[in-house]
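Here is the structure we will look at, set down as structure tokens.
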Number of protein chains: 2
Amino acid sequence: MPPAARRAPARRTDDLGGDQVEGRQAVLELLTAGRRRTRKVIVADAQDPSELLDAIEREAHGHRVPVSFVSKARMDREARTEGHQGVYALCDPMPTTDLDGLLDAGGRGLPFLLVCDGVTDPRNLGALLRSAECAGVTGVVLPRHRSARLTPAVTKTAAGAIEHLRFAAVGGIPAALQQLDKAGVVSVGLAPESKHSIYDVDLRTAPVALVIGGEERGLASLTRRRCTQVVSIPQHGAIESLNAGVAGAVACFEVARQRR
Amino acid sequence: MPPAARRAPARRTDDLGGDQVEGRQAVLELLTAGRRRTRKVIVADAQDPSELLDAIEREAHGHRVPVSFVSKARMDREARTEGHQGVYALCDPMPTTDLDGLLDAGGRGLPFLLVCDGVTDPRNLGALLRSAECAGVTGVVLPRHRSARLTPAVTKTAAGAIEHLRFAAVGGIPAALQQLDKAGVVSVGLAPESKHSIYDVDLRTAPVALVIGGEERGLASLTRRRCTQVVSIPQHGAIESLNAGVAGAVACFEVARQRR
């Protein structure tokens, strides 16, 4: 059998998207992480010198990924975000695993999952994934519906973080939380109106799934009921509430702080 | 003397801007906080019903602030951000105080200052101010140069937080840190490359000034030398670094957590 035909069976992609990656940091991480096959890198010509662009070209050549140059005007038309920074890549969509796969933390210590319950704004989702990866999240659960997919705006804002996270796409968040509970995972829902402080919860000893609600409505009521605990980050100001993505980041780093 | 001529002497504004406030939450907070005189509220006509817009109109009428309606097209031309959400206000610029004024926390407990050392991206500055206010920051120090002013993009992203913060504009951050040091304030600089963890610093007992550097270069070297301590937030991921605004938010909430 010729080598080209000996492809490994395709991993499930479960349609999370992620096949167009925009922005310099995001494209560089796509290439260096090397977890997904990159088909092509497209660079706008006549840009100012940039170490990141040089690194992208080097990595692409090293991985035998074709690089093509287009005019700035054409890139503005073909890129799907305004923040492309003169480069995007076409690649395999993000592979997914199931919940059991996510819980296998692969030597990174106790599992630490992020469950997004209807985060629909792509920039919020991207920013949250970036913060989560920095805080040591090992896996992300996204609902197949009622969520932003890994669109170019998400890949751009996540700045490469998605290349280092594992994803599960589930039919429903409440059922997923039940399954996680059976596997011994403590699920901690974040809700600004909760009177229980996240700082009073022991996040050190068990696998944890942090559950983040959507921007408008927060946690769905069934999701809330399925959480082991529902907590808030105590607020000290006059304005109504913290940005949802920032609240998620503060919560992720609280898990990391307790586990340090 | 007729009443119209009996104006109170103008407070120092020190040119931080802030006289055009865009976005629904930001305009509502401007009116309800009532700290600055609002000259006019401009609303785009033919918008979908909105509780926030209704509340803005009610507050404006209650404070005898004229409300005028313009077409959506005209608002798109005259507003200075894309995120105006169909409303902006013209008002007095943000008043400023000096460092001594900032340290008078006005019954809100130990002073907790945020010092921005060259945060130039308006959205980063706005997001940081919003998170800081939620975490209980009592005053903000901005350099007169090398910083975003309180532009419409900042007021929009801060979502009203600036109406509840006090500001000092200083000629140089290093000199300001020296002055704060003499006043007994512990200044804690945030630098991703520092080996000292923020979690090992006692932030409970003394007034604290958290010092956040610019997006590209971080803390200036003289600023760094003038900080009482330079710390980092321990990172656990593969990607290079946390977004500067998110790092600032996590640090602000660590001060709040220790002081709870």
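The values are calculated or read from the model by the stated rules, or taken from the named source; none is laboratory data. Since the structure is predicted, the reported quantities are computational estimates derived from the model, not experimental observations. So basically every Cβ, Gly included, is an ideal-geometry build from the backbone, and we count neighbours across all protein chains shown.
Quick notes on this structure:
- All conditions but one from (1) small (Gly, Ala, Ser); (2) within 30 Å of residue B:183 (Cβ to Cβ); (3) free of Cβ contacts under 8 Å to residues at least 40 places away in the same chain apply to residue B:33; the one that does not is (3).
- Residue A:169 vs. criteria at pLDDT below 95 and in contact with a strand residue (DSSP E or B) (Cβ under 7 Å, 6 or more places away or on another chain): yes
- Leading residue by the ranking (nearest to residue B:94 (Cα to Cα)) among those in segment B:31-49 that are surrounded by 14 or more Cβ atoms within 10 Å (Cβ to Cβ) and out of contact with any strand residue (DSSP E or B) (no Cβ under 7 Å at 6 or more places or on another chain): B:35
- Residue list for segment B:105-121, filter: surrounded by fewer than 21 Cβ atoms within 10 Å (Cβ to Cβ), touching a residue at least 12 places away in the same chain (Cβ under 8 Å) and not hydrophobic (A, V, I, L, M, F, W, C): B:106, B:108, B:109, B:120, B:121
- First in segment B:163-174 and within 15 Å of residue B:30 (Cα to Cα), second anywhere and assigned to a helix (DSSP H, G or I), Cβ under 6 Å, 6 or more apart: B:163/B:29; B:163/B:30; B:163/B:33; B:164/B:133; B:165/B:133; B:166/B:102
- On the stretch given as segment B:157-178, residues that are of a type outside the set (A, V, I, L, M, F, W, C) and within 14 Å of chain A (Cβ to nearest Cβ) total 5.
- Just so you know, in segment A:127-156 the residues that are small (Gly, Ala, Ser) and at the interface with chain B (Cβ under 10 Å from one of its Cβ atoms) include one that is surrounded by the fewest Cβ atoms within 10 Å (Cβ to Cβ), and it is A:136.
- Test: residue in segment B:91-104 that is within 14 Å of chain A (Cβ to nearest Cβ) and either touching a helix residue (DSSP H, G or I) at 6+ places or on another chain (Cβ under 6 Å) or at pLDDT 90 or above (or both): no
- As a summary of the residue check, residue B:181 satisfies the conditions (1) within 14 Å of another protein chain (Cβ to nearest Cβ); (2) part of a helix (DSSP H, G or I); (3) not basic (Lys, Arg) except for the one numbered (1).
- Within segment A:144-166, considering residues that are at positive phi and among the small types (Gly, Ala, Ser), the one modelled with the highest pLDDT: A:160
- Residue count, segment A:188-209 (criterion: acidic (Asp, Glu), within 14 Å of chain B (Cβ to nearest Cβ) and either under 19 Å from residue A:176 (Cβ atoms) or in contact with a helix residue (DSSP H, G or I) (Cβ under 9 Å, 6 or more places away or on another chain) (or both)): 0
- Just one of the numbered conditions (1) in a helix (DSSP H, G or I); (2) over 15 Å from residue B:247 (Cα atoms) is not true of residue B:148: (1).
- Scanning segment A:174-216 for residues that are of a type in the set (Ser, Thr, Tyr) and surrounded by 22 or more Cβ atoms within 10 Å (Cβ to Cβ) yields a count of 1.
- Considering segment A:217-242, the residues that are of a type outside the set (A, V, I, L, M), in contact (Cβ under 8 Å) with a residue 12 or more places away in the chain and part of a loop (DSSP other than H, G, I, E, B) include one that is surrounded by the most Cβ atoms within 10 Å (Cβ to Cβ), namely A:227.
- In segment B:70-94, the residues that are of a type in the set (A, V, I, L, M), surrounded by fewer than 23 Cβ atoms within 10 Å (Cβ to Cβ) and in a loop (DSSP other than H, G, I, E, B): B:79
- Matching residues, segment A:223-260, being under 19 Å from residue A:196 (Cβ atoms) and of a type in the set (A, V, I, L, M): A:230, A:231, A:233, A:242, A:244, A:247, A:250, A:251, A:255
- Residue within segment B:210-230 that is over 30 Å from residue B:32 (Cβ atoms), within 14 Å of another protein chain (Cβ to nearest Cβ) and modelled with pLDDT under 95 present: yes
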